[in-house]
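The structure appears right after this line, and notes come after that.
The values are calculated or read from the model by the stated rules, or taken from the named source; none is laboratory data. Here the structure is a predicted model, which is why all the values come from computation and not from measurement. In this analysis, Cβ positions are derived from the backbone assuming ideal geometry, glycine residues included, and neighbour counts consider all displayed protein chains. With ligands, DNA and RNA removed, areas are computed over all heavy atoms of the protein, side chains included. Shrake-Rupley method; radii C 1.70, N 1.55, O 1.52, S 1.80 Å.
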Amino acid sequence: MLQGFLNYLRTSIAAKVDGAPEPQVRTAAVPSGTNLLGLLNHLTFVERSMFLGDDVTDWQATFQAAPSDSVADVVARYRNTAKRANDVLDGCTDLGAPVPRLRPDRPAPSIRWALTHMIEETGRHAGHADILRELIDGTTGR
């Protein structure tokens, strides 16, 4: 059930970014500097850190996509990361067990905690994405 909620949110935010026009997709629409493409780029790093064990040293930097990355590149990378994370989760049978990590030297949260955190994180940023996409081209809805 938790993975189903997360997948719904993943699909929703990827759809908000997919097809958004340049350069607005990477232009800050609010004083914080938040931009639509950066949100999805950030979530890719969070998923990779949480479920795949990647090390992120500068979280603030993850809110900006590389200038060479197209919208399609960032969306594809996010979807691929979500698929890889689901592959890990599909092998988990105990929600209380730690998330399997590629780096076993680092402590891992429980699968339950990781899924709940990712639902919260993805849902929060999906809400931001709804507003940003509407500001860009009027697109609303899921």
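When the range 49-89 is limited to residues that are among the charged types (D, E, K, R) and at pLDDT 95 or above, the one that is least open to solvent (accessible area, probe 1.4 Å) turns out to be D69. Within the range 86-135, the set of residues being part of a loop (DSSP other than H, G, I, E, B) and among the aromatic types (F, W, Y) is empty. Taken over the range 29-48, residues that are in a helix (DSSP H, G or I) and either open to solvent by 50 Å² or more (accessible area, probe 1.4 Å) or charged (D, E, K, R) (or both) amount to 3. Residue check: is F51 in contact with a Lys or Arg (Cβ under 8 Å, 6 or more places away or on another chain) and outside any loop (DSSP other than H, G, I, E, B)? Yes.
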